[in-house]
Structures are given as structure tokens and as C-alpha cells.
Amino acid sequence: MNNTKSKTLETQDIINKTRATKKQDSFSTKSGERVGVFICRCGGNISDTVNIQELKSSIDANFVGEFENLCSINCRRHIREEIIDQNLDRVVIAGCSPLTHLKTFQNYADPLNPYMVEMVNIREQCSWVHSDKEKATKKAISLVQAGVEKVKKAKALSKIISRTEKSAAIFGGGISGITAALSLANQGVKVTIIEKNPTIGGFMVKIGKVFSPEKLAEECSLCILNPIINDVINHKNIKIMTKTRLLRAGRRSSYFNLILEKDTSFVHEDRCIACGKCADVCPVEVPDEWNQKMTMRKAIYKPFSQAVPDVYTIDVENCIQCGKCEKVCNMDAIDFKLKSEIISLKSGSVVIATGHESYDLTKRPEYGYGRFDDVISQLDLARILGVNGPTLGKLQKISDGKVPERVVMIQCTGSRDEKTDGKRYCSKVCCMVALKHASIIKDKYPDTEVVICYTDLRTVGMYENYLRYVQDKGIKFIRGRPGEVTKINDKLVVRVEDTLQRKPMEIETDMVVLSEAIEPSEGTMELAKKLNVGLSQDLFIKEKHSKIKPANTDVERIFVCGTAQGPKDITDSVSQANAAAAKVSEQIKCGTEAEPPVAVIKNSLCSHCGKCIEICGFKAVYRDEEYISIDPMACRGCGACAGSCPEGAIEIKGLNDQELFAQMDGLLSDKKEGEVRILAFLDNVGYTAADTIGNNRVTYPESIRIIKIPSINRLMPEHITYAFDHGADGILLAEYPDECMLEAHKAKIQELSDYVASKGIASNKLRFYKAYAPHFRGLAKQFENFNQDMLAEKGK
Amino acid sequence: MKTIPDKNILLFKSCLVNVEYPGVESSTKYIFDKMGVEYFIDPNQSCCTGLGHYYDLFDQISTSALSARNFALARKSNHENIVTLCSTCYAIMKKSINLLNSNKKARDEINGILERAGLSHMKYNVGDLDSEKNVFHMVEILYSKVNEIASNIKKDFSNIRIASHHACHYCKVYPEDAITGSRNPMILDEIAAAFGAEVVDWYDFKKATCGAGFSQRFANRDLSLSATADKLMALEGKADLLLHMCPNCQMQLDRYQPVLEKELGRKLNLVHLSVAQMAALGMGADPYKVLGIQTHSVPVEGLLEKIKDI
Amino acid sequence: MLKKGMDHGSKEMVEVIKNDYRASADIGLKRCMQCGLCTSNCPATRHSEYDPREMVKMVLDDNHEILDNPDIWNCFYCYTCQSNCPVNNSPCQVNQILRQKVLLKGGKSQRIYEFLAYGYSYMDFGVGSIPSDFFDELVKDFGEDYLQLKLNLEDIREELGLDDYNLKGNSLNEVKNILIESGFKKKLETFKDAVESKS
């Protein structure tokens, strides 16, 4: 115990000492480039193949030492001691892959800036892939010496910390937006909910009942939602802005500048007590959207009795400004002089929770929506079945008010349909919605027959329980997609083939309910355009990565949740909303560290041409009011922007040209007459694949020398020239074909190929390879073939 | 809506218009002349093969090789906008252009045939024509001029109930190109409405086939007539006039209506006219010398009596 | 019990149909999910045993029995199925291609024989016409007026200011040569011989 303690103290001492020396600037690049090389035997993994003595004695550096297991905790002390004793200002670790232990050794070399540590991979790229000891040793020497040359050119860098303002703007006041808002507000974040409608609550307040896979029951949606809405209203950190939309947005390094427009409702919200006298005297009647236009409302109205905010609002489009409401209002709340307001909002993050729209059923006129009164949508039926709906919950035909004897539901109306105006995707909730309504109908009207025409019943996961529960109530299912709904002798008729029986039929019915698709809303698309957020092929908001970044958009600090991102049920919307809130909070709480390499713009050189903005698939480059800026969080340091910049105003921090040239030098300088050398520039995925080759002890020729780069976009024609001029026989560029940079890749490959051709270099000397981490054998094969071809060439 | 040409038009002759309802062609010419539409009828144009194609007799290559020859004629006379009187001609032309433009193997095969037939000068090059920009149906030209035509109308259609029969091969083969699409076709109804008629709009089987079914009319008479009966019975008592845009449909419904009336023991009181005949009538054309109603099976005279001059 | 053996090497029907010139380039045949929308709107289904959905299923199953199915000859070629199909399939095109296969294999020879007159008339005039074999039936249905119409057609056309529509001279030769070179003429003769050699 004591021993350990004293050791710790000792270490602490060293750290203090080094901190002191740090202040004396002894670690800057100017101080003399004193390099220490630490060679790891890796318990025989390296030393069984590589002659460590020979390696040690061949390296030209200020210090060279060998260790059995360099990653073990006691070696931390050795490394630090040598750094102090030898006055080293940079370090090479010759051992395993940087993917495994770079962080460890950056930590072990702590007095030094982490970017003054270079790892040379003589295990995965040497001892594990070569068996000829002599050749392996020669290669190890070359690799380590290249590392020494490279690290001499390294520059100290500090990590870039990005801070995000502690506020969030949430577009959309439905269940997703409300959920995200509450979560953030509870964490102390100032939240503004921006809702285009006069009230929050979204679709959920309209649908009456919600289905549940667990409870096997339909629950009252308003009863679930109301307490949450109350929390939102009363929360000191939440501000609700209704009838408000985004006009334009500006992106800054730590916040967004949002310019909003709040439409006037001619009502002072703070004065209105929602007594309703105004609506009583209003002479204008228009169809009520709350009841799917099945009832009428006045031009001054409260959307529904539990509406939040609890105030009356004027539908400016339909109001005739007769002034009757103004006269009758005791609170003096109505004022026709009230104008729309333009509001500027500074917000650290943005959450898009703008929801969806219901499919326009007139785009499938064969089903007769709008032509026949009793052909309705599931949302219409939800209102009819709602106790606060047009019939107070009674199932009635719109045409004559009678209870239907039979209800036929048509699934996939607009969904799973490749035709014009159709949606290719499955809308995901309609099967459950149909079951929910079938269940409610069967409970209240056991004599009414419910027939569901479906193509596939998609009650995934636990919803299968719900399907069985509803099936038990006696629903009829017909497996077939109806062709049309017609009317014969005043009865609706559904034409469908029962495909399981191979029986085309005409089903007479009183009521047809169309399970309308979920489609992306106009508002969502408009918002995405203004925020420069990408859309999916189906025009929903696109997640940054559907698997691992489901709540991120392709723009940093803009998140998405709910049906704005794609069809989903309330459960999934709430989960995603909480995920979005967690992501916002993560950035606010911790700030985020960006790791080099990252691109940096020198404003003095920038001509604002915007080419870099166009080429960056990560949307890291953006134009703010004065400058073009690069968001270090979004930047991957791939270098595409630097290559596109006509002014040379963009620099990649973390892998500078001097380092690259030095490394190439080192890898080629010991090349002997008749020998083949191939430089393999690998991105992270390519590098991982190369490591996996080693892990699996698959062999490849010693001629392959690997250089790790962020992306092939980092390479310019001068790098290629340099490599060939300095003795490279071939150059392999391998990279994972990342979707959002595909265009930049193609352009780069074209550029480099053209360049090589213009220099009269044979085209087979520069090769491109699409790297996939699991397909390491493919990469090994590439190495092998390349070497063979170059050997054959030499032979000629 | 797509751009509809009014010049450089090759008015494409139709086999069934030729021999069944020649008044459709003379009515179209009448309207085009009055409206200043520039067109050309080429005596060298061969028939589209549509009937034979759908009798299962013609293979696609033979059909499209003959199309290629007609395309070369259209280009040579500088009348590259093909306007058909028949919906099957319309669909066959589009199919041939698409095949020639996008299928190299088929194009090479067809050009080889033309070469061997001594017609190298008629070979087809990719992009010579465009199926969306060079093929139209007569009804589209009328539609594009409907307001002009309506303002020249000399007849009062207001007491005529008009229903429409939209030809399948216009609406359903290339639905994206059909004005008003295939799901709820309205182009004929909109034209009829512009002329001031009472439009029936929707009826059961509105979108259904006329029942001709090409070979079915001959090889499967009962099947064919069952489908025709669906349509006519759905219109019973609902309309005075059924508006057509395809001579094959017009023939099926006009010629077989008396047959079905006899078989079903009903009287339908439904008259058949092509939209071109109706438009020409409205513009003052002679029923016999332009509309050619003397070739109809269901007499048109009764209807004409109800249509008064304005 | 249907036994499904492994049929190595031979090209499946679905591939052959997809690549046929009559099929649209983007036909969604393989994506068929057997929803039955085609069948529910099909006029032939309404009045006969034809089921376009089942026909597609048999094609996808590579079940050649579909070629012997008499119901496929009931399709009207109205394209209703194609216009609505949610996966962009076209049972109508599939049907046309299947019928071509049957005919080229010598099936349904009597049926196609009755339509040959169309082909010969086309070769003679460059214009299509209703096959003469059926003319008597039409007159029977349509009555004497129809016969009169045909007899007076030239006069009527003249009254309407319309020219002769038959191709002549060079144009007719061009059309004939195309149909000889495309193999159409030979095909007509094969169809003809198939029936006439029997009798």
C-alpha cells in the first residue's frame, strides 16, 4: 500500500515538474526536436518476429528503449521519466495499432502535448503479417524511422472545445415536441416551443384513444396528454409561441439566430379569459378542422375545450372584422389593430418535431373519398368515435346519422404504393389504428360488422398481442387490396379480391374507412429548407445515421424526433424525443471536444466563393453573417474543402503536409535497388481492415507501407508526385465509400487519375479501393495483387 | 400541364377512323382549320398496327420498325408532333419511341431491319423523338384550346347530359402523361363542361374498358359484351350522350348498344359522339358533311334536335 | 403435394418476361406482393375465371403450366391493372408476353389463324383493318345498315373531304419490305401452315 502511495506521489511530482517546465515553453516545436523511441516487445507478439536489438540499434533518435509490455501501467512511469531525463519533446511508440492504444500513450506521455506522440504499428502491420524475420525487421526499422521523421514535423495542438448556448428552440408542439421540451426544461435548459397552430397538442389530442400493446386496451389520449401539457404550461423554463413560424435562420458557432413570425390573432392572449362570449356573437361559420370539418366553428374560436393556451383566437382569413366580438368582450381583449410580430430568438440547439400530415385521400379517387359521404378516413373515424367529437362518440353514418351495419376498412391507402402521389413506405401505425377503431366499434356496437382489407398485417413486436386481443372480438379480415369503392343502388360497394380464396368480390357496406398514409408535412419541408437540414428520399427529415445517430440531423446541433423523421407511433416518438433532448443536453452540459484533424479557415485569405460549402457532405462548412466558418464538431478533417479552395485558405490541423512528406520520406528512403515499395493510404475504415488482417495473421508482402489519413480527399496531386518521385512503385488509396461524401470522392479520384495520366505514369500504379471493415481479406488481396503486378513490371 | 403544340403536327391516320367513323377525322380537321392549328396528313404514313399488335399477331419489333418508318416521315416533313385520333395509336407511338430511345438492342435490331429493307435513310437515332414531347392525342389539342373553342360555340348544350368514356390506352398505359391521369380521368368532362353541357362526371364503371378487348370482340363475344353491358347499364337513364376519344371504343359502344338493347330487353337512349365531333358540331359544322353521323349505328338525329342554336 | 425440384441453368420465366421488348423497362414484376389490386379491377376477372394476380404468381413460381391456362386468353389489354399496381408491375404486359410464347410454340393456332387476315391485309395496303373472317358476324350483329355503310364508304369519305387511305407504290413496298425483313411475313405463313396443313 505504502509503496503504491509513494509511487503515486512520485508520479505526481513528475507531473508537477513537467507542468513547470511546460510553462518555460520547452515543448514547442522550436526547441530542438528531441525524439524518444519506445519499442514494445508485446510479450513476444512483436519480438518473436522482429529482431528488437537490430531495430533498436538502427534507429536514429535521441532516445531508444525497449519494453516488454509498454501499455502496462508501470511503463507509464518509464515513459514519463525518460521524457524528463532525456528532455524529450516528442515521442514515438513502436508497438501495436494506434486504434487500440493511441489514447493510452497520449496519456502516458502526458507532459507532452498529445499530438507530439506518434504510434508506429509494427505489430498489426509487421510482426503479425510477415513471417520472414529478416525482412520483417528491415520493414520495422523503416516504419519506425518514418515515424521519427514524421513526429519531428508534428505541431502541438489543443483540443477544440465547442460550447453550445443553454437554450433550445423546439419546432412543433405535438407529443414529440412537448416531450423533448419538458425533458430539457427539467434539466435547466431554456426552451421555446414554436407551434404554427393556435394550440399545442398536435395529432394526439385529436385521435381520442390511443392503442397500447401492453395493457391490451384503448386509453384516453387527452387524459394521458393533459397532465404533460399542464407541466409544460407551468414550467418556468418553457415558453410557448403559437401561430408562429420560422422566417429564416442563421448559424453561428454556438447558437442559431432564428427569425420568427408570430401571426396576429387580434386577441391579447394575456387578457382573454376564454369566456366564449365572442364566439356566441360571431356571425361567420366555417368548417372546423378539429372535427375534420364535420362540424362548424366560428371565425373567433377556441380550437377545443382543453386547448392550450386557453384563449380564443381569430381565424384572420375568414374573419370579416364586423366588430361584434370586440363590443361584447368585457376584458377588452380583442384588438383588430394587432399586427403580426417579427421575433428574433437566439437558440443553442434546434429540435425539429414538426410531425406529419395525413395523406390527401383525393389522390386515390377510386376509393370515393369526397365523392361519397360515408367514405371517411381513420382520422375522421377517430373524431366520430371521440366523446368530444361531432357525434359525441356515437358511431354514425354522415349521410343519414344511422349506425352502420357494416364498416369496411381499407389498409395502405396511399402507403406501399410506388405510383405517382403514392408513398413507397409502410406508414407503420395504420394496422394498429384500424385495430383500435375496430376494437372500439365492437365494444360499443357488437352488431356492427367490421371488415379489414389488408395486404400484410404489420403488428410488429408486442403489437401482435394487441392484434390477438382485437381478433377475439370478432373482426373479419380479407387479405386483398381493394381496387375501388363504388355505389350501387345507394349502397357503397367495395371491389376486392380475397386473395387467400382466389375470390373476387363486391362487398356491400354502409361505411368505408380508409387507412390514410402518414406523409411528410409541407411545414417540415419548409423548415428543413430554411435550416439547411437534409431530407430523406421520402421527404422526411433525414437522420444523420439511422442506426447510431437516430436523433441527429445532418446539421450539428439540429435534432429531430417524432413523425417529422418518418412514420412512427407515439411510443417511438416519445423515445426519440427523449433521445433528442439527451443529445441537446449532452452538448450543453459537457461542451464537446473536437479531435484533430479538423479544417480551419484563414479568414484573411478567404474569398467567400462558397466552394467548400458545396463540397462538404458533413455540412460542417457554413456561411454566417460575415465569414465562412467550419464547425469543428461536424468536421471530419477529410480535407475535401481544402482541396476545393482556390485561395488555399483552408488548413487541416492534425496532419500537416510536412508530416505527410516526412513519413513518405521515411518509408521510401531505405528502398534498395530492385525492391518494390507500395504506399497504401488508408482512411480509418481501411486502417481498421488492415489491423484486422493482422489480427487474423493473414500475410501480405513486406512492400506494403501504410499511411493513415482521414480521407483520400486529404491528398493533393503534389503528394502523389512526391511519393512517385521518392521511389514509390505504386500508390493504393483505400476508403470506405461514405454516402455523404461520394461525390467528393468521385471528383477526387478523377482529379488524381487525370493528374497521373498527365504525368505519363501508368494508370495501374495508382489504385483506388473501397474499404469495408469486415472485408479485410479483400484488402489483403489488393495488397498481394498490387505487389505482384509491380514485381512483374520490374521484371520487364 | 405539359406543353401542347399547335403547329408542326402530323395528324396520324387511324384505321378504325378511316372505315368506321371517318367523321372523326373530318371533324378534327374542321376544328384545326378554324383554330389555325398547323397540321399535315401524310399519304405515306402506314397504320400503327395497334389492332394487329393486340390481336397478338404483331411482335414488338415489327410494330416498332413500322413506327420508326413513320417517325422518319414525320421528321422529313418537319411535322414531328404526332397527333393521333385513336388512343391505341397514341400508346403504340409512345411505346415505340421509348423502346427505340432506351433499348439499344431493340434499336439495333430495328435499324438492321430498316437497312436490309433498303431504308437506311430512315434509321432511328437516340433522341430523334421524345415520347412525352412528340406524341399527343387529338383530345389534348382540343383541351389546350378549349376556351377558344368554347367562345366560338354556336350551339346550346345546356339541356344535354353528357357522360364520358376515357379510352384505356390514353389513360392507363402512360398515366403520368395523361392530362387528368388515370385514376379519375376528367379531360372529356372538362371539355364538355366548357361547352356548357350538364356533365354526369362519375358513374360506376366510368374507368372501365369499353369491352372491345381487341380480339375479345371476335373470339370471345359474350365476354366482350358483358363488359360493354357493365358500362352501358351503369349509364342507364343517367346521360343523353356518351363522349368518346377512341374509334375502337366508339365502335364497341355505338355499334353494340342496339345489339345489347335487344339482348337485355332495354332501351338506353344514349347517343355516341367523339369529342371532336361534338366540338365541330358546337362550332357549326354540318352533321353529315363534317361529323359524318350517317356512319353511326345509334342514330344521332334525335339528339341534334335537342341541341338548339344559340 | 407440389414438389419443387432445383432447376439448374435454365433461365427463369420471370427473367425472360422482364427482358421482353413488350415489358416496360422498369416493370416491377419481381416486386409483386400478391395484393390482388389488379384482380379487383379486372374486367376479365369480373366475367371469367381469369385472375391476373394468380398468373403473376405462377410466373414468379416459374410454373410453366400458366402457358396452358386458357384463362389468360380472356385479358382485354385494357391496362387497368398496370395503371394501379402499387409495385409498378403490369399483369397486362406479362399476359401479352405469355400469349406470344404460347403462339410461338405453336399453341392456340386456330385462334390466331382467324386473325391472320389482318396481317395479310396490312401487307397489301399498309393499313390495318378488321379481319375479314369476322365481317359476316359483324353484319349479323350490326344489321344491313352496316353492310350499306361499307359499300358506300368511299362516297361518304368523299363527301367528308377525305382522301384514300391505302398506301400505294413506293410506300407500300417499304412497308412490305420491313415486314419481310422483320420476319413478320414468315411468321404469318408459319401460323397459316400450322392450321392449313392439318386440314
Looking at the stretch C:110-196, how many pairs of lysines come closer than 27 Å at the Cα, when each pair is eight or more places apart or spans two chains? 13
For chain A, averaging the sequence separation of alpha carbon pairs under 8 Å that lie six or more residues apart and dividing by its residue count, the contact order in percent is 12 percent
Nearest 10 degrees, 0 to 90: what angle lies between the long axis of helix A:175-186 and the longest principal axis of chain A (Cα atoms)? 60 degrees
Checking the cross-link filter: which lysines have an alpha carbon closer than 22 Å to that of A:Lys770, excluding same-chain neighbours under 8 positions apart? A:Lys544, A:Lys547, A:Lys708, A:Lys746, A:Lys748, A:Lys781
Could you tell me, in Å, what Rg and Dmax come out for the Cα atoms of the stretch A:287-434? 20.0, 57
Rounded to the nearest Å, what's the spacing between the alpha carbon centres of the stretch A:317-355 and the stretch A:119-151? Just the number, please. 71 Å
Would you please classify the overall shape of the stretch A:671-796 from the alpha carbon gyration tensor, given that a ≥ b ≥ c denote the square roots of the eigenvalues, rounded means a/c under 1.5, and beyond that prolate means a/b larger than b/c while oblate covers the rest? oblate
Rounded tilt (10° steps) of A:430-444 against the dominant C-alpha axis of chain A: 30 degrees
Within chain A: Cβ-based charge dipole about Cα centre, in debye rounded to nearest 20 (Lys, Arg +1; Asp, Glu -1): 880 debye
Got a sec? How would A:Ser546, B:Ser96 order by Cβ neighbour count within 10 Å, fewest to most? A:Ser546, B:Ser96
What whole-number distance in Å separates the alpha-carbon centres of the stretch C:23-45 and the stretch A:248-302? 47 Å
Calculate one ³J(HN,Hα) per residue across the stretch C:15-24 by plugging θ = phi - 60° into the Karplus curve 6.51 cos²θ - 1.76 cosθ + 1.60, and present them in order as whole Hz with x for glycine and proline. 5, 4, 5, 4, 8, 5, 5, 6, 7, 5
Counting only other chains, and only Cβ atoms inside 10 Å, what mean value do you get across the residues of B:216-228? 6
Placing +1 on the Cβ of each Lys and Arg and -1 on the Cβ of each Asp and Glu in the stretch B:9-136, which of B:Ala72, B:Ser46, B:Val19 has its Cα farthest towards the positive end of the resulting dipole? B:Ala72
If the only charges are +1 at each Lys and Arg Cβ and -1 at each Asp and Glu Cβ, what is the size of the charge dipole of chain C around the Cα centre, to the nearest 20 debye? 1120 debye
Trypsin sites (Lys or Arg not before Pro) within the stretch C:87-195, DSSP loop, no more than 15 other Cβ atoms inside 10 Å: C:Lys105, C:Lys168
Residue-wise HN-Hα coupling along the stretch C:66-75, computed from phi with Karplus coefficients 6.51, -1.76, 1.60 (Hz; x: Gly, Pro): 4, 5, 8, 6, x, 5, 5, 7, 9, 4
Ranked from fewest to most other Cβ atoms within 10 Å of their own Cβ, A:Trp290, B:Trp202 fall in the order B:Trp202, A:Trp290
Cα-based shape type of the stretch C:13-105, given that a ≥ b ≥ c are square roots of the gyration tensor eigenvalues and the cut on a/c is 1.5: rounded
How large is the convex hull of the Cα atoms of the protein assembly as shown per residue, expressed in Å³ as a whole number? 256 Å³
Proxy reagent accessibility, fewest Cβ within 10 Å first, across B:Cys171, A:Cys220: A:Cys220, B:Cys171
The set of residues whose placed amide H lies less than 5 Å from the amide H of A:Leu247, leaving out same-chain residues fewer than 5 positions away, is A:Ile259, A:Leu260, A:Glu261
In whole angstrom, note down how far apart the Cα centers of the stretch A:168-240 and the stretch A:567-585 are. 12 Å
Rough spin-label spacing in nm, given labels placed 7 Å along Cα→Cβ, for B:Asp309 and A:Asn69: 11.3 nm
Which of the listed residues, A:Val403, A:Pro482, A:Gln501, is farthest toward the dipole's positive end in the stretch A:357-520, when Lys, Arg count +1 and Asp, Glu count -1 at the beta-carbon? A:Gln501
Shielding by partners, peptide B:37-47 (average Cβ within 10 angstrom, other chains): 4
Express the relative contact order of the stretch A:572-721 as a whole percentage, based on alpha carbon pairs under 8 Å and six or more residues apart in sequence. 23 percent
Counting alpha carbon pairs within less than 8 Å and at least 6 residues apart, what relative contact order, in whole percent, applies to chain B? 22 percent
Spelling out what I want: for every residue of the stretch A:224-231, take phi, set θ = phi - 60°, compute 6.51 cos²θ - 1.76 cosθ + 1.60 (Karplus), and round to whole Hz; glycine and proline get x. 6, 7, 4, x, 5, 4, 4, 4
How far is helix A:657-668 tilted, in degrees, relative to the longest principal axis of the Cα atoms in chain A, given as a value from 0 to 90 rounded to the nearest 10? 50 degrees
Farthest towards the positive end of the dipole of the protein assembly as shown, among A:Leu361, A:Ala307, A:Val450 and with Cβ unit charges of +1 on Lys and Arg and -1 on Asp and Glu, lies the Cα of A:Ala307
Check which residues have an amide H placed less than 5 Å from A:Lys239's amide H, if you skip close sequence neighbours. A:Val191, A:Thr192, A:Ile193
For A:Val450, residues with placed amide H under 5 Å, excluding near neighbours: A:Val407, A:Lys476
Residue-averaged 222 nm ellipticity for the protein assembly as shown, from DSSP H runs of 4+ at -39500 (n - 2.57), nearest 500: -11500 deg cm²/dmol
With a cap of 12 neighbouring Cβ atoms within 10 Å, and only residues DSSP puts in a loop, list the GluC sites (Glu not before Pro) found in the stretch A:186-256. A:Glu214
Sorted by mean Cβ packing within 10 Å, highest first, what order do the peptides A:94-107, A:763-776 take? A:94-107, A:763-776
Given R₀ = 25 Å, FRET efficiency for A:Ala747-A:Lys529 by Cβ-Cβ distance, to 0.05? 0.50
What are the membrane-span-like helices in chain C by this rule: whole DSSP H runs, Cα extent along the axis at least 27 Å, mean Kyte-Doolittle hydropathy at least 1.0? none
List the trypsin sites (Lys or Arg not before Pro) within the stretch A:397-430 that fall in a DSSP loop (any state other than H, G, I, E or B) and whose Cβ has at most 14 other Cβ atoms within 10 Å. A:Lys402, A:Arg424
For the stretch A:357-520, with only Lys/Arg (+1) and Asp/Glu (-1) charged at the beta-carbon, what is the dipole magnitude about the Cα centre, in debye rounded to 20? 340 debye
How well do other chains shield peptide B:202-212, expressed as the mean number of their Cβ atoms within 10 Å of each residue Cβ? 5
Two-site FRET efficiency, C:Ser132 against A:Asp754, from Cβ-Cβ distance with R₀ of 51 Å, rounded to 0.05: 0.15
Violations at 22 Å Cα threshold for listed pairs A:Lys442/A:Lys568; B:Lys34/B:Lys289; A:Lys139/A:Lys653 -> A:Lys442/A:Lys568; A:Lys139/A:Lys653
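No value in this document is a laboratory result; all are computed from the given coordinates. A quick note: this is a predicted structure, and the numbers were derived from the prediction, not measured. Cβ: placed from backbone, ideal geometry, glycine included. Neighbour counts: every protein chain shown.
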